[in-house]
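Pasting a structure here, questions to come.
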Amino acid sequence: MKFLNKVGEYTKEAVQAAKYIGQGMSVTFDHMRRRPITVQYPYEKLIPSERFRGRIHFEFDKCISCEVCVRVCPINLPVVDWKFNSEIKKKELKSYSIDFGVCIFCGNCVEYCPTNALSMTEEYDLSTFDRHELNFDSVALGRMPTKVTDDPLVTPIRELAYLPKGVIEGHEVPHTAKRAGLRPEEIAEAASEQK
Ligand code: SF4
Ligand code: SF4
């Protein structure tokens, strides 16, 4: 009797083990049908999403030296150097800088700037051998980066989130193809039509 119980238990465990092996193999076989989604950076680059918070762009002529960006920054980072011009009774901006070696790209300064002098770009490759080179002055901040889709040296690839429904591999989808879901302007258009 004891022997028969042991055989029964052994059979049950063997069936359970076969079930688990089957589950594991089904996952393996499922992935064998997919192509790798490796991006060959820097020859290929993913197109950043619309609200991507990359390196900040600064427009000198728009800045009124109010220092709101400094006050809303969690680390008081932007350096706004200005002098008061008593003739026109206004502040005059002398220099402006942000150190991207310290910035956490939270976007507060961009959000609260009253004149929209600041904006986020899609630039993310800021690597350098010396972190002090990341302290951008107003000239460096005023430079617009080359868009991934405009760079002739780069093959732009759509992010996973922007691929058409059911597609998981961006290499064969042209970057001009319609993305999954509605674009903000399409949502605004639909809302204005409903009014
Ligand atoms: S908040 Fe805008 S306008 Fe004010 S100092 Fe900063 S960048 Fe200039
Ligand atoms: S993005 Fe955030 S951390 Fe960077 S300068 Fe602006 S407010 Fe400061």
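The values are calculated or read from the model by the stated rules, or taken from the named source; none is laboratory data. Since we're looking at a predicted model, the values are computed, not measured. No Cβ is skipped: glycine too gets one built from the backbone with ideal geometry, and neighbour counts run over all protein chains shown. Surface accessibility is based on the protein's heavy atoms, side chains included, excluding ligands, DNA and RNA. Shrake-Rupley method; radii C 1.70, N 1.55, O 1.52, S 1.80 Å.
Taking K and R as +1 and D and E as -1, what net charge do the other residues with C-beta under 11 Å from the C-beta of GLU13 add up to? Let's see the in-between values first.
Values: positive: LYS6, LYS12, LYS19; negative: GLU9.
Computed value for this residue: +2.
Among the Cys residues of the chain, which have no other cysteine Cβ under 4.7 angstrom away?
CYS63, CYS66, CYS73, CYS103, CYS106, CYS113
To continue, here is another question. With labels modelled as points extended 7 Å from the Cα through the Cβ direction, what inter-label distance (nm, one decimal) is found for THR176 paired with LYS19?
5.4
Using only the alpha-carbon atoms, what does the stretch 118-195 span along each of its principal axes? Please give whole angstrom values in decreasing order.
For the stretch 118-195, the Cα extents along the three principal axes come out at 50, 36, 20 Å.
Quick check on packing: order 144-154, 26-36 by the mean number of other C-beta atoms within 10 Å, highest mean leading.
144-154, 26-36
For the stretch 132-172, taking Cα atoms only, what is the radius of gyration to one decimal and the Dmax to the nearest whole Å?
15.9, 45
Follow-up. More than 18 Å apart: what percent of Cα pairs in the stretch 56-135 qualify? Each step should come with its number before you reach the end.
Numbers: 1347 of 3160 pairs.
Tail of P(r) above 18 Å: 43 percent of Cα pairs.
OK, next. For the stretch 72-180, count the residues as N, evaluate 2.2 N^0.38 Å, and divide the Cα radius of gyration by that value, please.
Working: Rg = 19.1 Å, N = 109, 2.2 N^0.38 = 13.1 Å.
In units of the 2.2 N^0.38 Å rule of thumb, it is 1.46.
If one puts a single equal scatterer on every Cα of the chain and applies the Debye formula without solvent, what log₁₀ I(q)/I(0) results at q = 0.08, 0.11, 0.14, 0.16 Å⁻¹?
The computed values of log10 I(q)/I(0) come out as -0.50, -0.74, -0.98, -1.12.
In addition: Counting only protein heavy atoms and using a 1.4 Å probe, what share of the accessible area of the stretch 81-195 belongs to carbon plus sulfur, as a whole percent? Provide the component values of the computation, followed by the final result.
Values: 4330 of 7980 Å².
It is 54 percent, rounded to a whole number.
With a cap of 12 neighbouring Cβ atoms within 10 Å, and only residues DSSP puts in a loop, list the chymotrypsin sites (Phe, Trp or Tyr not before Pro) found in the stretch 129-195.
Passing sites in the stretch 129-195 are PHE129.
Further question: What residues have an amide H closer than 5 Å to that of GLU159, excluding those fewer than 5 places away on the same chain, when H is modeled at 1.01 Å from N in the peptide plane?
ILE47
Reachable lysines from LYS2, Cα under 19 Å, same-chain residues fewer than 8 places away excluded?
Once the sequence-local lysines are set aside, what remains near LYS2 is LYS12.
Can you give the relative contact order of the stretch 61-195 as a percent, counting alpha carbon pairs under 8 Å and 6+ residues apart? Write out the running numbers ahead of the final one.
Numbers: 145 pairs, mean separation 22.6, N = 135.
About 17 percent, as a whole number.
Using just the alpha carbons, could you tell me how many Å³ per residue the convex hull of the stretch 103-147 encloses? It would help to have the intermediate numbers written out before the result.
Working: hull volume 4.3 nm³, N = 45.
Looking at the stretch 103-147, the number lands at 95 Å³ per residue.
Can you work out the FRET efficiency for the pair ILE88 and ASN116, with r the C-beta to C-beta distance and R0 = 25 Å, to the nearest 0.05? Could the numbers behind the result be given before it?
Numbers: r = 22 Å, r/R0 = 0.90.
Approximately 0.65, to the nearest 0.05.
Moving to a separate point now. Kindly report the accessible area of the stretch 1-103 per residue (heavy atoms of protein chains, probe 1.4 Å, no ligands, DNA or RNA), in Å². Before the final figure, lay out the partial values.
Working: 7910 Å² over 103 residues.
For the stretch 1-103, the per-residue accessible area is 77 Å².
Considering Cα pairs under 8 angstrom that are at least six residues apart, work out the relative contact order of the stretch 55-120 and quote it in whole percent. List each step's numbers first, then the result.
Details: 97 pairs, mean separation 28.3, N = 66.
Once normalised by length, the contact order is 43 percent.
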